[in-house]
Amino acid sequence: MEQPDHYSVLGVAPTATHEEIKRAYHALSRKIHPDRQPAAGASSGDVAFHQLSVAWEALGDEARRRAYDKQQSARRNKARGVVQDEIDLDEMAFDEDARTYTFPCRCSGSYSISEDDLGLGRDIAPCTDCSLKIRVLYEAVSDDSGGGDGAP
């Protein structure tokens, strides 16, 4: 049996901030903690609280959250099929008008991925002419860097 997604357990989106995750964890832990449950439902409450604790353990620390997100991304990519190659975003051409990145495919077509897809954490670019796919390697930039004068 597959474990539930940690974000689902906490009831937050994968894009949630650390503070949103922390608030969700504390609210749920107060609600479902085994000490607050009647004795008859203790075993199911223990399982739910254990899942909540595991989710908080994975998502409450930034380094563990990044590792979890990377693992989940790899699992989703594996489910989507075979990836031909991995290409760094810096090696791809950017089309300002279309807001897309492209890279030539060996079939004479091109791999293409939009800026919006990358912003949503999607990193698989299909070829426009054949069935090959590549994984685009890039670092996601956080909007809440907290430094500087607020300029992009």
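The values are calculated or read from the model by the stated rules, or taken from the named source; none is laboratory data. Not measured: the values here are computed from a predicted model. Don't worry about glycine lacking a Cβ; one is built from the backbone with ideal geometry, like all the others, and counts go over all protein chains shown.
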Selection over the range 123-141 where residues are part of a loop (DSSP other than H, G, I, E, B) and either modelled with pLDDT of 90 or more or within 17 Å of A93 (Cβ to Cβ) (or both) yields a count of 4
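Results for (1) outside any strand (DSSP E or B); (2) farther than 12 Å from K133 by Cβ, shown as yes or no for each residue.
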| position | (1), (2) |
| --- | --- |
| A67 | yes, yes |
| S73 | yes, yes |
| V82 | yes, no |
| Y111 | no, no |
Reported set for the range 92-102 where residues are outside any strand (DSSP E or B) and farther than 18 Å from L132 by Cα is E96, D97, A98, R99
Result of the Cβ filter at 6 Å on the range 47-66, keeping first residues that are over 15 Å from P34 (Cβ atoms) and partners that are among the small types (G, A, S), at least 6 apart or interchain, is R64/A58
Note on the range 36-63: residues touching a His at 6+ places or on another chain (Cβ under 9 Å) and either modelled with pLDDT under 70 or among the small types (G, A, S) (or both) are G45, A55, A58, G60
